[in-house]
Amino acid sequence: MVDMTNVSKNTMNTADIIYKYMRPEHLPHIWCPGCGNGIILRAIAQAMENAKIDRNKTVLVSGIGCSSRAAGYIDCNSLHTTHGRAIAFATGIKMAHPELEVIVITGDGDSSAIGGNHLIHAARRNIGLTVVVMNNNIYGMTGGQYSPTTPHLEYGTTAPYGNIDQPFDIAELAMGAGATFAARGAVYHSALLAKTIEKGIRHKGFSIIDVASLCPTYYGRKNKKGSAVDMMRYQKDNTVMVEKAKTMTEEELNGKIVIGVLRDKEAPEYSEEYAKLVEKVKGGNK
Amino acid sequence: MKRDLIINTEWCKGCGICAAFCPKGALKVVEEKVQKVEGAGCVLCGMCEQRCPDYAIYIKESEE
């Protein structure tokens, strides 16, 4: 069971979130019925409210794919970039204007396939970005091709006999590359998700939140996972809090989604280190 | 403080997530749109609002 005692506080209602953080003229959004991305977007808006960040000093960057539409719905500085390059553009923004809060909304394919290199190098440098991955295990917008997070032997339009690849675990990948904050969330636990994203925003340095989304239209249909409700129920039955997971065996954890903050540590932030270097070099020339 | 459950039928896409996870069974989907079940005893817990992917259902608070 997820502890809800400290996550239900500070919740704004949806109408307030829409009028404060979103662009209501662009709603309802284009995502399919039952798509988890809407829930993640709401959690991001809630996290922005709870973290008390100034929208005029916030930039939302997205790449290409279903997830990329998110940048258009939140009313702050938005940048919709080319496929896989959201983190690359965000790195540029943070280096030019370190005072800005930069949030990247990306998908599983966008961040780990096309933009895989940008992800690992941003994590390695510990640059102050918050990356929210809308992980639906498939390329939804282009018609259901298998992505690097499609589970082994599951189906996609480009894997009609089953996917023989082993999937990426994006949070583990980022931690392996040196991310100082890594977390996983699930759309079923939406209140906890908002809290986790808030922690990511408050973290100084690179933070990544890998969120298990739902794609009933492509991933669900191709793999006979049933309706959006069935997929939500699957998440309900198969998510385990990270604290609980520590007491479980590998066998018990097989097929489970471990949610919560997986790593939270401090390290020098890249744009600050760069500013220090600039000062040092200028001082040397006097 | 007055609290009401508001449904924005125009934005509802009928996925049924709110109805499936309503602890009181106070919602149902009819012809791809969510409706309240009268007399089911909605306690305004707001779980539907937290999980609606389309922002079509929420608790409205008003001074009255």
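Go through the range A:51-74 residue by residue and tally those that are away from every other protein chain (no Cβ under 14 Å) and in contact (Cβ under 8 Å) with a residue 40 or more places away in the chain.
14
I'm checking my understanding of the structure. Among residues of the range B:8-34 that are part of a strand (DSSP E or B) and either within 11 Å of chain A (Cβ to nearest Cβ) or open to solvent by 40 Å² or more (accessible area, probe 1.4 Å) (or both), which one is nearest to A:HIS29 (Cα to Cα)?
B:LYS33
Say whether the condition of being within 14 Å of chain B (Cβ to nearest Cβ) and open to solvent by 10 Å² or more (accessible area, probe 1.4 Å) is met by at least one residue in the range A:88-96.
no
Can you name the number of the only condition in (1) of a type in the set (A, V, I, L, M, F, W, C); (2) within 14 Å of chain B (Cβ to nearest Cβ); (3) under 26 Å from A:LEU100 (Cβ atoms); (4) assigned to a helix (DSSP H, G or I) that A:ILE201 fails?
(2)
Check whether at least one residue in the range A:179-193 is open to solvent by 40 Å² or more (accessible area, probe 1.4 Å) and not aromatic (Phe, Trp, Tyr), and report yes or no.
no
Rundown of residues vs (1) over 13 Å from the mean Cα position of the chain (by Cα); (2) open to solvent by less than 10 Å² (accessible area, probe 1.4 Å); (3) of a type in the set (Lys, Arg); (4) farther than 24 Å from A:TYR219 by Cα, yes/no style:
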{"site": "A:PRO28", "(1), (2), (3), (4)": "yes, no, no, no"}
{"site": "A:GLY36", "(1), (2), (3), (4)": "no, yes, no, no"}
{"site": "A:LEU41", "(1), (2), (3), (4)": "no, yes, no, no"}
{"site": "A:GLN46", "(1), (2), (3), (4)": "yes, yes, no, yes"}
{"site": "A:ASP54", "(1), (2), (3), (4)": "yes, no, no, yes"}
{"site": "A:LEU60", "(1), (2), (3), (4)": "no, yes, no, yes"}
{"site": "A:SER68", "(1), (2), (3), (4)": "no, yes, no, no"}
{"site": "A:ALA71", "(1), (2), (3), (4)": "no, yes, no, no"}
{"site": "A:CYS76", "(1), (2), (3), (4)": "yes, no, no, yes"}
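Please specify each residue of the range A:123-140 satisfying the condition of being assigned to a helix (DSSP H, G or I) and under 14 Å from the mean Cα position of the chain (by Cα).
A:ALA123
Across the range B:48-64, which residue is modelled with the lowest pLDDT among those that are open to solvent by 40 Å² or more (accessible area, probe 1.4 Å) and either more than 9 Å from chain A (Cβ to nearest Cβ) or in a loop (DSSP other than H, G, I, E, B) (or both)?
Restricting to residues being open to solvent by 40 Å² or more (accessible area, probe 1.4 Å) and either more than 9 Å from chain A (Cβ to nearest Cβ) or in a loop (DSSP other than H, G, I, E, B) (or both), the top hit is B:GLU64.
The values are calculated or read from the model by the stated rules, or taken from the named source; none is laboratory data. From a predicted model like this one, the values you see are computed outputs, not experimental measurements. Quick reminder, even Gly has a Cβ in these numbers, built from the backbone with ideal geometry, and neighbours come from all protein chains shown. With ligands, DNA and RNA removed, areas are computed over all heavy atoms of the protein, side chains included. Shrake-Rupley method; radii C 1.70, N 1.55, O 1.52, S 1.80 Å.
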